[in-house]
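The structure under discussion appears below in the form of structure tokens.
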Amino acid sequence: MGSTLDLQPAQVLVIEDETEIRELISLLLLRQGHRVQQCSTAVEGLEQMKKGHFDLVVLDWMLPQMNGLEFLRVMPNPSSIPVLMVTAKAEPKDICEGLEAGADDYLTKPFEPSVLTARVRALLRRSQRQPNESSDGEPAEVLQIGGITLNLAAYEVKIHGEPVHLTPSEFKILSEMMGSTGRVLTRDHLIEVVQGEGISVTGRTVDTHVFGLRKKLGSEADWIETIRGVGYRIRAE
Ligand code: CA
């Protein structure tokens, strides 16, 4: 199957104050068949969002007046519109802050055009599926990527059809990641996922679970990508 054919054209809002970068991003998106609205400030972006519907926002961080982080805090429907943050800030603590504020993924400048389009595709593919539903509208009880099949109802994971035994924490982490393919999940987020039953969880605990999980996934382990200093994600193909 073609990588772009499975996607419906999307309405994308690009908020970036540097003209050259804004136009480059817009051009890349237009080539993928999407419709693009360009804005040079977050304030203008908010006005556009009041006027029309958008499927995705590509958001610069460093913007005049209102910055990208502030935009994330006030934007309408933050949970239903995926946001890809494009930023010159490459420090893990900044990236974590952006993701915690509601960005779904990020890209550091300068970026490779092909990486931008791949990230956009991953975010759109996820949002064009109804949450927790598969393409036929049935609740998605079975998640699959590469040779990994995860059955939520049966609490079962198979690698190339062979069952593997995961601990409850490993299962929770894997199902969270497989349910949001392409999205970066911070350690803090995964701590919340594993937390409960009176166990104290730290970022280190999460790393240990992911280490264990990778061992058990064997040949499929490299679906899990480490985002240094930030967290993890399942690669989007
Ligand atoms: Ca900027």
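The values are calculated or read from the model by the stated rules, or taken from the named source; none is laboratory data. Note that the coordinates shown come from a computational prediction; the quantities given were computed from them, not determined experimentally. Virtual Cβ from ideal backbone geometry, glycine too; neighbours counted across all protein chains shown. Just so you know, the surface numbers come from the protein's heavy atoms only, side chains and all, with ligands and any DNA or RNA stripped out. Shrake-Rupley method; radii C 1.70, N 1.55, O 1.52, S 1.80 Å.
Inspect all residues belonging to region 40-49 and state whether any of them is at pLDDT 95 or above, under 21 Å from the mean Cα position of the chain (by Cα) and in a loop (DSSP other than H, G, I, E, B).
Checked region 40-49: no residue is at pLDDT 95 or above, under 21 Å from the mean Cα position of the chain (by Cα) and in a loop (DSSP other than H, G, I, E, B).
Any chance you could count how many residues in region 219-234 are outside any strand (DSSP E or B), of a type outside the set (S, T, Y) and open to solvent by 10 Å² or more (accessible area, probe 1.4 Å)?
Result for region 219-234: 6.
Within region 52-70, which residues are touching a strand residue (DSSP E or B) at 6+ places or on another chain (Cβ under 8 Å), within 16 Å of the ligand (Cβ to nearest atom) and open to solvent by less than 60 Å² (accessible area, probe 1.4 Å)? Outline the logic, then answer.
Residues of region 52-70 that are touching a strand residue (DSSP E or B) at 6+ places or on another chain (Cβ under 8 Å), as a first pass: 52-63, 68.
Going one step further and asking which of them are within 16 Å of the ligand (Cβ to nearest atom), we end up with 57-63, 68.
Those that are touching a strand residue (DSSP E or B) at 6+ places or on another chain (Cβ under 8 Å), within 16 Å of the ligand (Cβ to nearest atom) and open to solvent by less than 60 Å² (accessible area, probe 1.4 Å): V57, V58, L59, D60, W61, L63, G68.
Exactly one condition in (1) within 17 Å of R125 (Cα to Cα); (2) away from the ligand (no atom under 15 Å from the Cβ) is not met by M49; state its number.
(1)
Taking only region 71-92 into account, find how many residues are within 12 Å of the ligand (Cβ to nearest atom), part of a loop (DSSP other than H, G, I, E, B) and closer than 19 Å to L185 by Cα.
Residues in region 71-92 being within 12 Å of the ligand (Cβ to nearest atom), part of a loop (DSSP other than H, G, I, E, B) and closer than 19 Å to L185 by Cα: 1 in total.
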